[in-house]
Amino acid sequence: MRYVIAAMLAGVAALPAAAQVQAGVELATDERRRGISWSEGKAAPSAYARIDLPAGFDLGARVLATRGDARHDGADGVIEPTLGYSRDLAGLRLDAFATGHLFTDARGSMNYGELGAGLNYSLGPAQAGVEARYAPSQSAIGGDNLYLGVRGRIGIPATPWTVTASAGRSSGSVDDPIRAARLRPGGTYHDWSLGVQHITGPLTVALEYTGTDIRNEPDPSRFAVRDHAGDRLAARISLGI
């Protein structure tokens, strides 16, 4: 995994200076997504890069260490290529994407893809948005998966501090209950978060509380990992390049 991250950053550095590129590295004490861990509750390094293309499109990728997480059948990492599109619409910003989740060294076939879209509104230091993410029915996730969420952030004027919050709901159909528990332990559930960020130039330090209404109880699915789906406080530090 570290060789993939190094190659990714080397490729970004080799791009022409005129290219519009965003890239960076990050370290989280626990990679939390929709309130559940993707890194076995352990520290997770990652790297990302995005290149702006003509007509509002962009192409990006993220590489994350998943630390042998049972949720992803022992995978040690995931590579996530993404094709995105953004457009400003009468004060709103539309974002849409298609992404793949390609897991390395998993014991079984864990790869899956999803589509997403969001609308965001900004007013001064405040931003608010809604989003939808949909993974069509795939054997790796035991059915389909729909995530609907709201999020907001507000920068505190004349300070480097930003406060963030989000809430969402995960649901979907079930073809294979064992695999479906991978993204929805116990079935349909809700998640929420509250965080604070300190931003100085390319450096961001963040602390975030996440929670869900998933019960920590025995589960027949080895992919559910319910003990990493409860309330958690996680920190992360990221550096843009």
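The values are calculated or read from the model by the stated rules, or taken from the named source; none is laboratory data. These numbers come from a predicted model, not from an experiment. Cβ atoms come from the backbone with ideal geometry, glycine included; neighbour counts cover every protein chain shown. Just the protein is used for accessible areas: all its heavy atoms, side chains included, with ligands, DNA and RNA removed. Shrake-Rupley method; radii C 1.70, N 1.55, O 1.52, S 1.80 Å.
Data table
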{"item": "Residue check for residue 191: closer than 14 Å to residue 33 by Cα, among the acidic types (Asp, Glu) and in contact (Cβ under 8 Å) with a residue 60 or more places away in the chain", "result": "yes"}
{"item": "Test: residue 178 is outside any strand (DSSP E or B), within 20 Å of residue 112 (Cα to Cα), at pLDDT 95 or above and of a type in the set (Val, Ile, Thr)", "result": "yes"}
{"item": "Top-ranked residue in the stretch 154-175 [being without any contact (Cβ under 8 Å) to a residue 24 or more places away in the chain and outside any strand (DSSP E or B); ranked as farthest from residue 241 (Cα to Cα)]", "result": "158"}
{"item": "Test for residue 86: is it outside any strand (DSSP E or B) and of a type outside the set (A, V, I, L, M)", "result": "no"}
{"item": "Tally of residues being crowded, with 18+ Cβ neighbours inside 10 Å, of a type in the set (S, T, N, Q) and assigned to a loop (DSSP other than H, G, I, E, B) across the stretch 182-219", "result": "0"}
{"item": "Positions within the stretch 225-241 being free of Cβ contacts under 8 Å to residues at least 60 places away in the same chain and open to solvent by less than 80 Å² (accessible area, probe 1.4 Å), in sequence order", "result": "226, 230"}
{"item": "Filtered residue count, the stretch 84-105, keeping only those that are open to solvent by less than 30 Å² (accessible area, probe 1.4 Å) and closer than 23 Å to residue 184 by Cβ", "result": "4"}
{"item": "In the stretch 65-83, residue surrounded by the fewest Cβ atoms within 10 Å (Cβ to Cβ) [restricted to those that are hydrophobic (A, V, I, L, M, F, W, C) and part of a strand (DSSP E or B)]", "result": "83"}
{"item": "Members of the stretch 210-240 that are touching a strand residue (DSSP E or B) at 6+ places or on another chain (Cβ under 6 Å) and over 18 Å from residue 42 (Cβ atoms)", "result": "211, 212, 213, 214, 239, 240"}
{"item": "Filtered residues of the stretch 99-135 (kept if in contact with a strand residue (DSSP E or B) (Cβ under 8 Å, 6 or more places away or on another chain) and on the phi > 0 side of the Ramachandran plot)", "result": "105"}
{"item": "Cβ-Cβ under 9 Å pairs, at least 6 apart or on other chains, the stretch 77-92 side more than 30 Å from residue 106 (Cα to Cα), far side open to solvent by 70 Å² or more (accessible area, probe 1.4 Å) and of a type in the set (Lys, Arg)", "result": "86/93; 87/93"}
